[in-house]
Amino acid sequence: MPFRPTSVAVHPNAQSRLDEIAEAATMRRQPAQAIWKAIHAAVPRIKMDGQWGEVIPPTATPGRFVREFGVTNLYCIDLPSFHRLFYTIRERDVIVLRLVGHREYDRLMRS
């Protein structure tokens, strides 16, 4: 049976990046439209199964996520144009932590 979270929330650190993508998508800019569409497809799937994303093993979890958010579990969803959406599960809630592009993803995974 899939884990159904109580809620899906966006951490304040991720909100500004999501707002930027939303604004660019509204202005019909690519790749923002494709990323925004993929996010809107991913959220209902996460609501149905909070563990739907790819699990990042604790040994591979970037130290920045541990220091900044205190995560003990981390999930990643691949989006268009080499973007990634990271989230965690706390108690019964899913919290979106960060939306990153390819360069930032590489930096995070090396930290």
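Put in order of Cβ neighbour count within 10 Å, fewest first, the listed residues MET1, MET109, MET48 become MET1, MET48, MET109.
Counting other Cβ atoms within 10 Å of each Cβ, which trypsin sites (Lys or Arg not before Pro) in the stretch 25-75 have at most 14 and sit in a DSSP loop?
On the way: sites: ARG28, ARG29, LYS37, ARG45, LYS47, ARG64, ARG67; in loops: ARG28, ARG29.
Counting only loop positions with at most 14 other Cβ atoms within 10 Å, the trypsin sites (Lys or Arg not before Pro) in the stretch 25-75 are ARG28, ARG29.
With no solvent and one point on each alpha carbon, what is the Debye value of log10 I(q)/I(0) for the chain at q = 0.20, 0.23 Å⁻¹? Debye curve over Cα of the chain, log10 I(q)/I(0) at q = 0.20, 0.23 Å⁻¹: -1.10, -1.40. On the beta carbon distance between GLU68 and HIS102, with R0 = 30 Å, the FRET formula returns roughly 0.90.
Placing unit charges on the Cβ atoms only, positive for Lys and Arg and negative for Asp and Glu, gives the chain a dipole magnitude near 80 debye about its Cα centre.
Any read-out appearing in this document is the output of simple, stated calculations on the displayed coordinates, not a laboratory observation. Model, not experiment: these values are computed from the prediction. Cβ: placed from backbone, ideal geometry, glycine included. Neighbour counts: every protein chain shown.
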